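Student: Below you'll find the structure I mean.
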Amino acid sequence: MKMKYFLSIFALLLFITSCKKEAEEQTIAQPVTDTVTAPKPQIVPTGNTRTIIANFIERRDSIKVQVKTLSPEKANALYEAYKVENDSAVRKLEKYESNITENYYSYFTAEEGRPVSAPDSIQRKVNLLKSAGLEFWEIGEGYVEIRTVHDFYYSIFKNYVTPDYKDFLQQTAYEEDDLYSADAGIAIPFKAVGERVIFWENYIARYPNSKLTQEATENYKSYQYDYLFGQDNTPTVESTDNSIYPENLSEFNSFIKKYPNSFTSKLAQQVIDNNGKNYDALRVAIQKEQEKHLQQK
């Protein structure tokens, strides 16, 4: 009887051990899923400029360390949350420093228009923002805002995000290095506008399913429209007779030759074919062409 009892116990132990080993093997065999949960932006502290800047610098340095440990998809999500957080910080800074943003030119420009050194108290604020990767940015018509420096996000995330995010951040850093538009006019050459159009046109084709494609599409439409028609103070067409300015006509022809398969070349050719005709009707037609083309993407 005792022998049967011990044999039964031994068999039970073997069964339990076997089941445990099988369970362990099954656990090891399970694929590890990298679930991407977008982090919540941190609450930006209130108080004063120095408090916000100190927090901004601390967060920036923390993000630089954290992003190195993440998968590309999680780095994408961190960028998105971090940008929301920083936009909130900038809005608060603009509220605290409205004296500078509203009187910027009186601090940095003499009455006759020549630049002058700002008072020490103002320059210290400029230096404080600079230490965090922030700056006062002139946007024309007497307006000044606070923003992150042009390559702020690209410098932090470029080696860790997915290719669509990297390309987006790199192009955005390049574009924001120069003031694009001021006083109802385009501030860069039309050729440079055309190159931006091509970049975003190619980006949309390369990354149709990216989370950034919608924003890229808005960039594309805006640059494309400006390239074809200009802005109020930098139009491409003479208002008196609806004729294309010679420099713009030359630019359109160069663009078409360089990018014959571009949808923008098709639109540029429509503008050329419409030279001297109804300008307002052309604007409406071009906008419809834009929407139709993008809906097919």
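Student: Suppose we filter the stretch 173-206 for residues that are free of Cβ contacts under 8 Å to residues at least 40 places away in the same chain and among the polar types (S, T, N, Q); how many remain?
Tutor: Final tally of qualifying residues: 1.
Student: How many residues does the stretch 157-183 contain that are closer than 29 Å to Q231 by Cβ and either in contact with a Pro (Cβ under 6 Å, 6 or more places away or on another chain) or assigned to a loop (DSSP other than H, G, I, E, B) (or both)?
Tutor: Initial filter on the stretch 157-183 (closer than 29 Å to Q231 by Cβ): 167-183.
So of that shortlist, the ones also either in contact with a Pro (Cβ under 6 Å, 6 or more places away or on another chain) or assigned to a loop (DSSP other than H, G, I, E, B) (or both) come out as 176-180, 183.
So the count comes out to 6.
Student: Further, regarding this structure: Among the residues in the stretch 85-95, are any under 14 Å from F56 (Cβ atoms), assigned to a loop (DSSP other than H, G, I, E, B) and of a type in the set (D, E)? Write out each step before concluding.
Tutor: We begin by selecting, within the stretch 85-95, every residue under 14 Å from F56 (Cβ atoms); these are 85-94.
Going one step further and asking which of them are assigned to a loop (DSSP other than H, G, I, E, B), we end up with none.
No, the stretch 85-95 contains no residue that is under 14 Å from F56 (Cβ atoms), assigned to a loop (DSSP other than H, G, I, E, B) and of a type in the set (D, E).
Student: Answer with yes or no whether S98 is assigned by TED's automatic domain parsing to the domain that holds I146, surrounded by fewer than 18 Cβ atoms within 10 Å (Cβ to Cβ) and either among the aromatic types (F, W, Y) or touching an Asp or Glu at 6+ places or on another chain (Cβ under 7 Å) (or both). Give the steps one after another, and end with the answer.
Tutor: Numbers: assigned by TED's automatic domain parsing to the domain that holds I146: yes; surrounded by fewer than 18 Cβ atoms within 10 Å (Cβ to Cβ): yes; either among the aromatic types (F, W, Y) or touching an Asp or Glu at 6+ places or on another chain (Cβ under 7 Å) (or both): no.
No: the conditions fail for S98.
Student: In this structure, is I256 more than 30 Å from the chain's Cα centre (by Cα), assigned to a helix (DSSP H, G or I) and modelled with pLDDT of 85 or more? Spell out the reasoning first.
Tutor: On the way: more than 30 Å from the chain's Cα centre (by Cα): no; assigned to a helix (DSSP H, G or I): yes; modelled with pLDDT of 85 or more: yes.
No, not satisfied.
Student: Here's a follow-up. Hey, any hits in the stretch 226-240 for a residue that's surrounded by 18 or more Cβ atoms within 10 Å (Cβ to Cβ), over 27 Å from the mean Cα position of the chain (by Cα) and either modelled with pLDDT of 95 or more or in a helix (DSSP H, G or I) (or both)?
Tutor: Checked against the condition, which is being surrounded by 18 or more Cβ atoms within 10 Å (Cβ to Cβ), over 27 Å from the mean Cα position of the chain (by Cα) and either modelled with pLDDT of 95 or more or in a helix (DSSP H, G or I) (or both), the stretch 226-240 yields at least one hit.
Student: Follow-up. Looking at (1) touching a residue at least 60 places away in the same chain (Cβ under 8 Å); (2) assigned to a helix (DSSP H, G or I); (3) under 19 Å from H293 (Cβ atoms), which is the one condition that is false for E251?
Tutor: E251 satisfies all of (1) touching a residue at least 60 places away in the same chain (Cβ under 8 Å); (2) assigned to a helix (DSSP H, G or I); (3) under 19 Å from H293 (Cβ atoms) except (3).
Student: Anything in the stretch 114-143 that is in a strand (DSSP E or B) and over 20 Å from the mean Cα position of the chain (by Cα)? List them, or say none. Please lay out each step first, then the result.
Tutor: Residues of the stretch 114-143 in a strand (DSSP E or B): 115, 134-140, 143.
Result: P115, G140, Y143.
Student: Still on this structure, please answer the following. Within the stretch 96-108, how many residues turn out to be more than 14 Å from L129 (Cα to Cα) and of a type in the set (D, E, K, R)?
Tutor: The number of residues fulfilling the criteria is 1.
Residues are listed down the side, and each one gets a yes or a no for (1) surrounded by 14 or more Cβ atoms within 10 Å (Cβ to Cβ); (2) among the hydroxyl-bearing types (S, T, Y); (3) in contact with a Cys (Cβ under 7 Å, 6 or more places away or on another chain):
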residue: T172; (1), (2), (3): yes, yes, no
residue: E175; (1), (2), (3): yes, no, no
residue: I186; (1), (2), (3): yes, no, no
residue: P189; (1), (2), (3): no, no, no
residue: V193; (1), (2), (3): yes, no, no
residue: R196; (1), (2), (3): yes, no, no
residue: N202; (1), (2), (3): yes, no, no
residue: R206; (1), (2), (3): no, no, no
residue: L212; (1), (2), (3): yes, no, no
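Student: For residues that are surrounded by 14 or more Cβ atoms within 10 Å (Cβ to Cβ) and touching a residue at least 60 places away in the same chain (Cβ under 8 Å), tally how many sit in the stretch 272-297.
Tutor: Residues flagged as surrounded by 14 or more Cβ atoms within 10 Å (Cβ to Cβ) and touching a residue at least 60 places away in the same chain (Cβ under 8 Å) within the stretch 272-297 amount to 2.
The values are calculated or read from the model by the stated rules, or taken from the named source; none is laboratory data. Values in this document were obtained by computation on a predicted structure and should not be read as measured data. For neighbour counting, all protein chains shown are included, and Cβ atoms are generated from backbone atoms with ideal geometry for every residue, glycine included.
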